[in-house]
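> Sharing a structure below in structure tokens format, with a few things to ask.
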Amino acid sequence: MKQLVVYSSKGGNTRKLAEAAFSRLSGEKEISPVAGAPDPGDYDVVVVAFWYQGGQPDSDSQQYLKKCKGVRKLFLLATHGAAKDSDISRLGMNKARELASGANIVGTFSCQGEVPQNVLDAAANKDPQPPWLKDAATATGHPDREDFYELSLALEKAGVVEVPKPGEKRMFS
Ligand SMILES: Cc1cc2nc3c(=O)[nH]c(=O)nc-3n(C[C@H](O)[C@H](O)[C@H](O)COP(=O)(O)O)c2cc1C
């Protein structure tokens with residue numbers, strides 16, 4: 001079974017989660033930044049990790065998600081400044097689902113990712129301010145230990161990784 005993790009990450013938040021997901025896959029696996037990523041059609045399991053820009057997956061990930069329409073086992077992973085489980089986070093994930101429509105999406109996970117101060121300052125100076133800005137202060141320190149743990153559970157629930165046997169560690173190596 002061939003497995004692929006593809007990620008887009010400007011500041012490193014999404015890359016960390018993508019690497020954590022990768023570390024829990026067993027068997028034949030590859031990880032790649034979205035630029036130059038292989039054709040997803042050549043893999044049995046694909047994890048696409050993206051960040052939110054303008055309320056949607058970042059533009060490189062949008063292009064890649066469109067190529068994922070035939071994937072038999074697709075897991076979507078994202079980070080955003082908006083609060084976890086907020087309407088903003090749901091709308092962005094829905095957009096990703098739409099872009100990859102036709103794929104068998106077995107699971108999704110998203111959490112906050114710390115927003116750099118210069119990005120916060122630029123957003124604060126916009127008129128109107130972007131709706132995600134009000135939550136962005138609470139993104140500080142994310143992704144955190146709990147986010148990594150919840151990602152692990154989501155990957156298990158989706159059947160992308162195996163549930164650890166009694167006595168085995170669940171956390172990422
Ligand atoms: C240019 C820019 C635009 C952003 N737009 C949004 C947005 O629309 N919604 C949101 O929730 N977060 C937004 N964010 C926050 C990022 O999605 C968040 O910090 C994410 O974790 C960045 O991931 P990365 O560190 O992997 O690049 C934006 C950040 C940047 C730099």
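All of the numbers you see were taken from the coordinates with simple rules; none came from a lab. It should be emphasised that the depicted structure is a prediction, and the values quoted were computed from it without experimental measurement. No Cβ is skipped: glycine too gets one built from the backbone with ideal geometry, and neighbour counts run over all protein chains shown.
> What order, most packed first, do the peptides 28-39, 44-55 have when packing is the mean number of other Cβ atoms within 10 Å of each residue?
Ranking, from highest mean packing down: 44-55, 28-39.
> Considering only DSSP states other than H, G, I, E and B, which trypsin sites (Lys or Arg not before Pro) in the range 97-173 qualify as loop sites with at most 15 other Cβ atoms within 10 Å?
Numbers: sites: Arg97, Lys126, Lys134, Arg145, Lys157, Lys169, Arg170; in loops: Lys126, Lys169, Arg170.
Those that pass, being in a loop and sparsely packed, are Lys126, Lys169, Arg170.
> Please give the length that would be gained between Ala123 and Ser32 if that part of the chain were fully extended, namely 0.36 nm times their separation in residues minus their C-alpha to C-alpha distance (nm, one decimal).
Full extension from Ala123 to Ser32 adds 29.8 nm.
> Taking amide H positions as placed in the peptide plane 1.01 Å from N, state which residues far from Thr108 in sequence (5 or more) or on other chains have amide H under 5 Å from it.
Leu76
> Between the range 3-34 and the range 88-140, what's the alpha-carbon centroid distance in Å?
Using only Cα atoms to place each centre, the spacing works out to 19 Å.
> Could I ask something else about it? Can you give the log10 of the normalised intensity I(q)/I(0) at q = 0.11, 0.14, 0.19, 0.20 Å⁻¹, computed with Debye over equal Cα scatterers of the range 3-157?
-0.39, -0.63, -1.13, -1.25
> Still on this model: Would you calculate a helix-derived [θ] at 222 nm for the chain, using -39,500 (n - 2.57) for each DSSP H run of n ≥ 4 and dividing by the full residue count, to the nearest 500?
Rounded to the nearest 500, it is -9500 deg cm²/dmol.
> Run the quick spin-label model on Asp87 and Gln53: label points 7 Å from Cα toward the beta carbon, then report their separation in nm to one decimal.
Once both label points are built, they end up 2.5 nm from each other.
> Please compare each pair in Lys16/Lys126; Lys10/Lys66; Lys16/Lys73; Lys69/Lys169 to a cut-off of 27 Å on the Cα-Cα distance and tell me which ones are over it.
Among Lys16/Lys126; Lys10/Lys66; Lys16/Lys73; Lys69/Lys169, the Cα-Cα distance tops 27 Å for Lys16/Lys126; Lys69/Lys169.
> Now a separate question. Could you tell me which GluC sites (Glu not before Pro) in the range 104-169 are loop residues by DSSP with no more than 15 other beta carbons within 10 angstrom of their beta carbon?
Filter output for the range 104-169: Glu162, Glu168.
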